[in-house]
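The values are calculated or read from the model by the stated rules, or taken from the named source; none is laboratory data. None of the values given here were measured: they were computed from a predicted structure. Glycine gets a Cβ as well: all are built from the backbone with ideal geometry, and neighbour counts include every protein chain shown.
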Amino acid sequence: MSFETTMTSDVVGLTKVAPVSRRGFMSATAAVAAGYTLAAGPVRAEIITTDTGGLQAGDTRIKVGSEEMPAYFARPAGNTKAPVIIVAMEIFGLHEYIKDVTRRLAKLGAFAVAPDYYFRKGLDLTKVTDIKDLLPVVNAKPDAELLSDLDATVAWAGSQGGDTTKLGIIGFCRGGRNVWEYAAHSGTLKAGVAFYGAPVDTANPVWPKSPLQLAPEMKAPVLGLYGGADTGIPVAQVEQFKATLEQDKKVAEFKIYPQAPHGFHADYRGSYRKDAAEDAWKQAQAWFKKYGVLS
């Protein structure tokens, strides 16, 4: 099996969540109409929906070299100096859950931007229905290109009046891993929040160093939020990462929700755990406030 089609630890966690009954889920047609991906499985009927009241929000394009990367943004209306928070998406593309999270952050006062950093393959990941068809695209994304895309996102937000001196990043699943990578890369990042981002990578030539290997290079404080019942990211691995960061005298905190599976914050999926998700969101807000991203 080539690295492009390898089931990475975050994908293993996605696919091995306890089975759920179809009751309480949307039909496939309704889910697609609502803007959700089907690759992650059936979509819950009780999803969190955040309106755009008091916000300026919508699709945009961000210049990356000679190309234009699609993105979704949301910010408080009329607030030109809002702090900037990048939203690093899962492997499913820029679908409604990620857009909703972006609006939730804007309601907290942030200029939130979710870049679609898988855009170059010309495949709309939100329309893919089988996770195996996503793997060749997402696993082939080079870290160097990813970091450049995130830097371009920050530059764009700054050009639109966002306050990049108050820069944060939040990410989920593969995006959680990308938070750790960006915290080791960016000298301007104030704080990051990683939801179940894999600390250890599957061998992949385009990912030179895993978050664990980058521990000595971490430049910003990161909060790691993990599920104790995650079948892809063992708690022992998270504890090893925590110990390594402590040894390297890096600022990081971890919270593990014992009964929560991978994807516990994703309110559109069967993996959603309300109590863990709500507490983790409060922890994320407190972290961003502590390190001067949110006021």
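Computed quantities for the displayed model
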quantity	calculated
Which listed residue is on the phi > 0 side of the Ramachandran plot and modelled with pLDDT under 95, from G78, G58, G93, G109	G78
The range 267-295, residues that are assigned to a loop (DSSP other than H, G, I, E, B) and either touching a Leu at 6+ places or on another chain (Cβ under 8 Å) or free of Cβ contacts under 8 Å to residues at least 60 places away in the same chain (or both)	S271, R273, V293, L294
Of residues in the range 185-223 being assigned to a helix (DSSP H, G or I) and surrounded by fewer than 22 Cβ atoms within 10 Å (Cβ to Cβ), the one nearest to the chain's Cα centre (by Cα)	H185
Extreme residue, nearest to A33 (Cα to Cα), among residues of the range 43-59 that are touching a strand residue (DSSP E or B) at 6+ places or on another chain (Cβ under 9 Å) and touching a residue at least 24 places away in the same chain (Cβ under 8 Å)	V43
Whichever residue in the range 56-89 is of a type in the set (G, A, S), under 18 Å from G109 (Cβ atoms) and in contact with a Ser or Thr (Cβ under 8 Å, 6 or more places away or on another chain) and, among such residues, is surrounded by the most Cβ atoms within 10 Å (Cβ to Cβ)	A74
Residues of the range 240-260 satisfying the condition of being among the aliphatic types (A, V, I, L, M) and farther than 17 Å from V193 by Cα	A243, A260
Hey, Y226 hydroxyl-bearing (S, T, Y), in contact with a Lys or Arg (Cβ under 7 Å, 6 or more places away or on another chain) and crowded, with 22+ Cβ neighbours inside 10 Å or not	no
Subset of the range 203-249 (residues that are over 15 Å from D143 (Cα atoms), touching an Asp or Glu at 6+ places or on another chain (Cβ under 9 Å) and among the basic types (K, R))	K242
Matching entry among F254, F264 (being buried (at least 19 other Cβ atoms within 10 Å of the Cβ) and either outside any strand (DSSP E or B) or not polar (S, T, N, Q) (or both))	F264
Residues being assigned to a helix (DSSP H, G or I), under 19 Å from I62 (Cα atoms) and not aliphatic (A, V, I, L, M) - total across the range 152-177	5
Checking D163 against (1) under 30 Å from S295 (Cβ atoms); (2) among the acidic types (D, E); (3) under 16 Å from the mean Cα position of the chain (by Cα), the condition it does not meet	(3)
Pair list, Cβ under 8 Å, 6 or more apart: the range 229-250 residue within 18 Å of K16 (Cα to Cα), other residue polar (S, T, N, Q) and loosely packed, with under 15 Cβ neighbours inside 10 Å	A229/Q259
